[in-house]
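Got a structure here, written out as structure tokens. Questions coming.
The values are calculated or read from the model by the stated rules, or taken from the named source; none is laboratory data. The model shown is predicted, which means the values in this text are computed figures rather than measured ones. Heads up, the Cβs are rebuilt from the backbone with ideal geometry, glycines too, and the neighbour counts pull from every protein chain shown.
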Amino acid sequence: MPRNWLRVSIVLLVGWQLFACSAIESPIREGPAISAPIPPDSPFAKIKVGMGLDEVCATIGPPTSPPTTYLTPKYHVPAYFGPDTSRTTAHYKGVGSITFSTDNPFSSAASVRFIDYNPQDLGYQPK
């Protein structure tokens, strides 16, 4: 009987930790979706939060350099099956950058999460 109690306790403890970890928020940039006011004559004025990568490229053209993709800490949580497990950032020289977030961890679909208007953007991810 004591061994069964120990096994059940361990299973419950591990299950609770997995559940608790699935609610962890990413320490990566959070906050307002638009970093600065965007002038009406800027190409970024046509972009809305929630648009897909293909829709953005069709609206304002392809980014200056290939987009960079990275995993968020949510990707490493064992029982997390929600959105925002990876992000992709596309830079537009002289305009700024757009960050896309995955909508579903089981597909490559992503939508606009952040719009960073920055006229001094270099057009690529600085190292």
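Write out, first by first residue and then by second, each pair whose Cβ atoms fall under 8 Å of each other, whose residues are 6+ apart or on separate chains, and whose first residue, in the range 103-127, is of a type in the set (Lys, Arg) while the second is in a loop (DSSP other than H, G, I, E, B).
113/33; 113/49; 113/84
I've got another one for you. If I filter the range 54-80 down to residues being modelled with pLDDT under 90 and not in a loop (DSSP other than H, G, I, E, B), which single residue comes out as surrounded by the most Cβ atoms within 10 Å (Cβ to Cβ)?
My answer is 74.
Same structure, new question: Being surrounded by 14 or more Cβ atoms within 10 Å (Cβ to Cβ), hydrophobic (A, V, I, L, M, F, W, C), assigned to a loop (DSSP other than H, G, I, E, B) and at pLDDT 75 or above narrows it down to one of 98, 38, so name that one.
38
Still on this structure, I have one more. Among the numbered criteria (1) assigned to a strand (DSSP E or B); (2) at pLDDT below 90, which single criterion is violated by residue 23?
Result: residue 23 fails condition (1) only.
Quickly run through the range 112-126 and pick out the residues that are on the phi < 0 side of the Ramachandran plot and modelled with pLDDT under 90.
121, 122, 124, 125, 126
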